[in-house]
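Participant: I am attaching a structure below and will ask some questions about it afterwards.
The values are calculated or read from the model by the stated rules, or taken from the named source; none is laboratory data. On a predicted model such as this, the values are computed, not experimentally measured, just so you know. Cβ placement follows ideal geometry from the backbone for every residue including glycine, while neighbour counts extend to all protein chains displayed. For the accessible areas, the whole protein counts, side chains as well, though only heavy atoms, and no ligand, DNA or RNA atoms are used. Shrake-Rupley method; radii C 1.70, N 1.55, O 1.52, S 1.80 Å.
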Amino acid sequence: MKKVNMVSGFALLLLFLSSFAVANDDAARKANDLNNWAIPTGDFFNQRYSRLSQVNSGNVGQLKPAWTFSTGVLRGHEGSPLVIDGIMYIHTPFPNEVYALSLDSGKIIWAYKPKQDPKVIGVMCCDTVNRGLSYAEGKIFLYQADTTLVALNSTNGKVVWKVTNGNPAIAETGTAAPMVFEDKVVVGISGGEYGIQGRITAYDIDTGKRVWIGYSQGPDNLTLIDPNKTTHLGKKVGKNSSVSTWKGDQWKTGGGSVWGWFSYDKDTRLMYYGSGNPGTWNPVQRPGDNKWSMTIFARNIDTGKVKWLYQMTPHDEWDYDGINEMILADITVKGKKRKALVHFDRNGFGYTLDRVTGELLVAEKFDPVVNWATSINLSTGLPNRVKKYSTEAGGEDVITKNICPAALGTKDQQPAAFSPKTELFYVPTNHTCMNYEPFKVSYTPGQPFIGANLDMFPPKGEDNLGNFIAWDADKGEIVWSNPERFSVWSGALATAGNVVFYGTLEGYFKAVDAVTGAELYRFKTPSGIIGNVMTYLHKGKQYVAVFSGIGGWAGYGIAGGIEDADGQAALGAIGGYRSLSQYSRGGGSLTVFSL
Amino acid sequence: MRVVSIAVRLGTLFFCIFNAYAIADNQNSFEEDKKYYVVDEQGRVGKKTYNGWRRYGTCAPCHGPDATGGIGGGASLLSAIKDKKIDFRTFKQIVSEGRLDKGMPAWKKDANVNKYYDDIYGYLRARSDGMIKKGGRPEKIPK
């Protein structure tokens, strides 16, 4: 009797242990350690929440800069550094240098300086940004502008392996952070303005061998959709759900790029992300729903197969990319505890879905000025479109006016944060509208495939281009809203100290009360902030840090050296953000704050 | 000796006359090529000139959003057209074949350019002539 119990007990122990033998257990453990910020998104759920409370709403007013570091590079500094075991890993915009800094001595322990053909700069639509590094098992992963994915030894910066993910000659580039889930490092691809084929690709973290590719568009064998298993709002999608919504071969220049953030739930074994705009920006040229652009994907991490998906903006007419972060949170929705996925889309709607089944629970505007649709039908998932703001209905060579939001959306890639303490989401938003004129274009490999010109401006009668809001994803309501002169283009951080941090395009680093939104601290950093705030502990002291370095789409005028160009340049951003020139110049630095 | 020198003088005469016609012809065509744009007294443009502004967008990364030269290394087109009296034929030749030694690609295979040489020339010529005062979206002549 005793022997049998021991054997079965041992078997159970083995089973228990094997369930933890997942390769990124290392990354997960490091991320749980409050000394670290080991994952670019804070955690796999993309909550950007820290359990640190040493800095709290009572004392954050006493924050001050503790130290700074200049990256030596200009142009838009997106993303944030990582901190793992007393070492800070810093990345830069093109040329994508990586520095490992000792937090004890401040010395640069190693540097990685990739050699890339500068021609790639010319095909990066929206500045030469890079959204950050990932870490797992002694390796730092960098995804370069030229689509090289490289694994560096985290101790000495030497290249362990490198692989080319895309082709810059046809304007495929890399801007998003690679993410490590289980035994894979996953990367997207940028170039939706150049008619590329959007996709997400998984590589083995040890060898760099490509394991699977999931295209956003094309026949089922490319998209990894199972006609009888993959569902859209609970219904099986059927055969060739993508190509059947495109005219002829147009899906081959169909965009659907993947350049945002990815989240992961180890219980569902699904990774969650969104696809970008369909090619071209001229909707008249590409009839059909253009699936699966503007879509939330849930893919199995082992095989890449799509379990469920949901297309938010069928037949896009405004460039409302679906790539923003998919925040996973276990919250109460309509009286029921749900494993939810919350997403603040470019199109101005804040969505709450069940991340297990893909059921749509809530979809409400997170800026009241949104006007291209009145609401989202929760059973069909379809937006109720307003003809007056349809660029398709307006037609080619006609300027359709006063559409809200502008193409850069009510929120672009700048990520929101979630606090399990308040159960609120903290969202950096844009408050802009546009005029949009579509026109006919032809596809030429490596050349822009856009076919639209835009003007951007604040909503009528208002002069603020942004708001920082708190959002209730159950009720679909704004709880509080702080207007900002410019779009809030930085990533937010929420903490257990009941403080929420973000940065502004003028360069202010700000702390606000998580419950009331009251501003508790601000500091003017050297340049506009488009980076993501992060926090860590070192020798028992809490630090909060953010990059400064204006750029990205909104800051393109200054970063790209064309701030005096006409208003329609940079897809309308020059006109919309012209006054940024009175507040910031280019820069590239990290400011680290403490009490 | 005398025959040769007569032949040389006649040859030189023909050469000069031929060149005089050629120069006059070039100046004439540059003058004539104002026909490629339509701009009214208020600086509003016709449909093809407006389209020329839009298609110029392909050139903007190198030649600047205002066609006055860009960080991409391209020359100021407004000065070039004005100072060198570049007519439509010359413009089309440069754009379609490119200036490979200077890093300008040949655009003859790009349908966003090769269908609209006339519109693009018209827009740039109108800017160069001062008929459209600045860059940016020109106002269209109402129907």
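Participant: Compare the Cα positions of A:Ser584, A:Gly304, A:Trp553 along the charge dipole of chain A (+1 at Cβ of Lys, Arg; -1 at Cβ of Asp, Glu; about the Cα centre) and return the one farthest towards the positive end.
Facilitator: Ranked along the dipole, the leading option is A:Gly304.
Participant: Provide the packing ranking of A:390-399, A:495-504, i.e. peptides ordered by the mean count of other C-beta atoms within 10 Å per residue, highest first.
Facilitator: So the peptides A:390-399, A:495-504, ranked by packing, come out A:495-504, A:390-399.
Participant: Computed from the mean reciprocal separation of all distinct C-alpha pairs, what Kirkwood hydrodynamic radius does the range A:44-86 have, in Å?
Facilitator: 14.1
Participant: Extent of the range A:173-250 along each principal axis, from alpha carbon coordinates, in Å, largest to smallest?
Facilitator: Sorted largest first, the three principal extents are 37, 31, 21 Å.
Participant: To continue, here is another question. What length, rounded to one decimal in nm, is gained on full extension from A:Lys421 through to A:Lys539, with 0.36 nm per residue of separation minus their alpha-carbon distance?
Facilitator: Length gained between A:Lys421 and A:Lys539: 39.9 nm.
Participant: Moving on. Under the definition of Cα pairs under 8 Å and six or more residues apart, what whole-number percent is the relative contact order of chain A?
Facilitator: It rounds to 15 percent for chain A.
Participant: Chains B and A: how much accessible area gets covered up at their contact, both sides added, probe 1.4 Å, in Å² to the nearest hundred?
Facilitator: Chains B and A together bury roughly 1400 Å² of accessible area.
Participant: Quick one: if you stick a label point 7 Å off each Cα along the C-beta vector at B:Ser29 and A:Ala518, how many nm between them?
Facilitator: Label at B:Ser29, label at A:Ala518, 7.7 nm between them.
Participant: Could you quote the convex hull projected area for the range A:175-220, Cα atoms only and averaged over all directions, in nm²?
Facilitator: Mean shadow area of the hull around the Cα atoms is 3.8 nm².
Participant: Using just the helices of chain A, give the 222 nm mean residue ellipticity in deg cm²/dmol: DSSP H runs with n ≥ 4 each add -39,500 (n - 2.57), and the total is spread over all residues, rounded to 500.
Facilitator: Counting only the DSSP helices, I get -1500 deg cm²/dmol.
Participant: Something else now. In sequence order, what are the phi-derived ³J(HN,Hα) couplings for the range A:217-228 according to the Karplus relation 6.51 cos²θ - 1.76 cosθ + 1.60 with θ = phi - 60°, rounded to whole Hz, with x for glycine and proline?
Facilitator: Per-residue couplings from phi come out as 9, x, x, 4, 6, 8, 7, 6, 9, 9, x, 9 Hz.
Participant: Mind jotting down the distance between the C-alpha centroids of the range A:462-495 and the range B:67-109, whole Å?
Facilitator: 46
Participant: Continuing with this model, one more query. Can you put A:Leu74, B:Leu77 in order of accessible area, largest first, using a 1.4 Å probe? Let's see the in-between values first.
Facilitator: On the way: A:Leu74 110, B:Leu77 35 Å².
If we order A:Leu74, B:Leu77 from most to least accessible, we get A:Leu74, B:Leu77.
Participant: Let me ask something else. Apply the Karplus curve 6.51 cos²θ - 1.76 cosθ + 1.60, θ = phi - 60°, to the phi angles in the range A:478-487 and return the couplings in whole Hz, x for Gly and Pro.
Facilitator: Result, rounded to whole Hz: 7, 8, 8, 9, 9, x, 10, 4, 10, 4.
Participant: If you don't mind, another one. Given the Cα atoms of the range A:420-538, and with Rh set as the inverse mean 1/r over their pairs in the Kirkwood sense, what is Rg to Rh to two decimals?
Facilitator: That ratio equals 1.09.
Participant: For the range A:300-352, which semi-axes, largest first and in whole Å, follow from the square roots of 5 times the eigenvalues of its Cα gyration tensor?
Facilitator: 22, 18, 9
Participant: Given N residues in the range A:214-311, what is its alpha carbon radius of gyration divided by 2.2 N^0.38 Å?
Facilitator: 1.03
Participant: Also: Suppose we keep just the alpha-carbon trace of the range A:251-353; what are its Rg and Dmax in angstrom?
Facilitator: That works out to 14.2, 45 Å for Rg and Dmax.
Participant: Evaluate the charge dipole of the protein assembly as shown about its Cα centre and quote only its size in Debye, nearest 20, assuming +1 on the Cβ of each Lys and Arg and -1 on the Cβ of each Asp and Glu. Working shown, then result.
Facilitator: Working: 84 positive and 71 negative charges, 165 e Å.
So the dipole magnitude of the protein assembly as shown works out to roughly 800 debye.
Participant: Further question on the same structure: For A:Lys113, what accessible surface area do you get with a 1.4 Å probe? Give it in Å², rounded to 10.
Facilitator: Accessible surface of A:Lys113 is approximately 120 Å².
Participant: Can you pull the one-decimal nm distance between simple spin-label points at A:Ile399 and A:Lys475, each 7 Å off the Cα toward Cβ?
Facilitator: Each label point lies 7 Å from its Cα, and together they span 4.1 nm.
Participant: If you place +1 on the Cβ of every Lys and Arg, -1 on the Cβ of every Asp and Glu, and leave all else neutral, what size is the dipole of the range A:73-200 about its Cα centre, to the nearest 20 Debye?
Facilitator: Taking the Cα centre of the range A:73-200 as origin, the dipole is about 280 debye.
Participant: Next question, about the same structure. Compute the Kirkwood hydrodynamic radius of the range A:458-595, taking the inverse of the mean of 1/r over all pairs of distinct Cα atoms, and give it in Å to one decimal.
Facilitator: It is 15.8 Å.
Participant: Beyond a 32 Å Cα-Cα separation, which of these cross-linked pairs lie in this structure: A:Lys291/A:Lys387; A:Lys336/A:Lys401; A:Lys115/B:Lys133; A:Lys365/A:Lys421; A:Lys291/A:Lys510?
Facilitator: Too far apart for the 32 Å limit: A:Lys336/A:Lys401; A:Lys115/B:Lys133; A:Lys291/A:Lys510.
Participant: Report, by chain and number, residues whose modeled amide H sits under 5 Å from the one on A:Ala452, excluding near sequence neighbours (fewer than 5 apart, same chain).
Facilitator: Those qualifying (amide H under 5 Å, at least 5 residues apart or on another chain) are A:Phe439.
Participant: With a Förster radius of 35 Å, plug the Cβ-Cβ distance of A:Asn240 and B:Lys115 into 1/(1 + (r/R0)^6) and report the FRET value to the nearest 0.05.
Facilitator: Here the calculated transfer efficiency is 0.60.
Participant: What does the convex hull of the Cα atoms come to per residue for the range A:421-464, in Å³?
Facilitator: 155
Participant: Another question, then. At 1.4 Å probe size, what's the solvent-accessible area of B:Lys82? Round to the nearest 10 Å².
Facilitator: That residue has around 120 Å² of solvent-accessible surface.
Participant: Answer rounded, prolate or oblate for the range B:27-106, using the Cα gyration tensor with square roots of eigenvalues a ≥ b ≥ c: rounded when a/c is under 1.5, else prolate when a/b is larger than b/c, else oblate.
Facilitator: Oblate.
Participant: Which of A:Ala363, A:His431, A:Pro448 sits closest to the plus end of the dipole of the protein assembly as shown, meaning its Cα is farthest towards the positive end, when Lys and Arg get +1 and Asp and Glu get -1 on the C-beta?
Facilitator: Going by the Cα projections, it comes out as A:Pro448.
Participant: Expected output is a single nm value to one decimal: the length gained when fully extending between A:Ser70 and A:Glu359, i.e. 0.36 nm times separation in residues minus the C-alpha distance. What is it?
Facilitator: Extending this stretch completely gives an extra 99.5 nm.
Participant: Got a sec to turn the phi values of the range A:205-212 into Karplus ³J(HN,Hα) couplings, 6.51 cos²θ - 1.76 cosθ + 1.60 with θ = phi - 60°, whole Hz, x for Gly and Pro?
Facilitator: Residue by residue, the range A:205-212 yields 5, 7, 10, x, 6, 6, 9, 8 Hz.
Participant: Follow-up question, since we're still on this one. Sort B:Ile141, A:Ile469, A:Ile558 by heavy-atom solvent-accessible area, probe 1.4 angstrom, most to least.
Facilitator: Order by accessible area, largest first: B:Ile141, A:Ile558, A:Ile469.
Participant: Under a 5 Å amide H to amide H cut-off, with H placed in plane at 1.01 Å, what residues pair with B:Ile132 once short-range neighbours are removed?
Facilitator: Distant-sequence amide H within range of B:Ile132: B:Arg127.
Participant: Determine one quarter of the surface area of the Cα convex hull of the protein assembly as shown, which equals its mean projected area, and express it in nm² to one decimal.
Facilitator: Across all orientations, the protein assembly as shown yields a mean hull projection of 40.4 nm².
Participant: Given the convex hull of the Cα atoms of the range A:500-558, what is a quarter of its surface area in nm²?
Facilitator: On the way: hull surface 19.0 nm².
Averaged projected hull area, Cα only: 4.7 nm².
Participant: Can you bin the range A:19-113 into rounded, prolate or oblate? Criterion: square roots of the alpha carbon gyration tensor eigenvalues sorted a ≥ b ≥ c, rounded for a/c under 1.5, prolate for a/b above b/c, oblate for the rest.
Facilitator: It comes out oblate by the Cα gyration axes.
Participant: With a cut-off of 8 Å between alpha carbons and a minimum separation of six or more residues, what is the relative contact order of the range A:264-344 in percent?
Facilitator: 29
Participant: Quick check for me: using +1 on Lys/Arg Cβ and -1 on Asp/Glu Cβ, what's the dipole size of the range A:478-595 about its Cα centre, in debye to the nearest 20?
Facilitator: 420
Participant: Now a separate question. Give me, ordered by chain and number, the residues 5 or more places off A:Val211 or on other chains with an amide H under 5 Å from its own placed amide H.
Facilitator: A:Ala202, A:Tyr203, A:Asp204
Participant: Here is a further query. Quick one: give the max-minus-min coordinate of the C-alpha atoms of the range A:271-419 along each principal axis, largest first, in Å.
Facilitator: Cα spread of the range A:271-419 along its principal axes, largest to smallest: 48, 35, 29 Å.
Participant: Just read off the accessible area of B:Arg44 with the full protein assembly in place, 1.4 Å probe, to the nearest 10 Å².
Facilitator: Its heavy atoms expose roughly 50 Å² to the probe.
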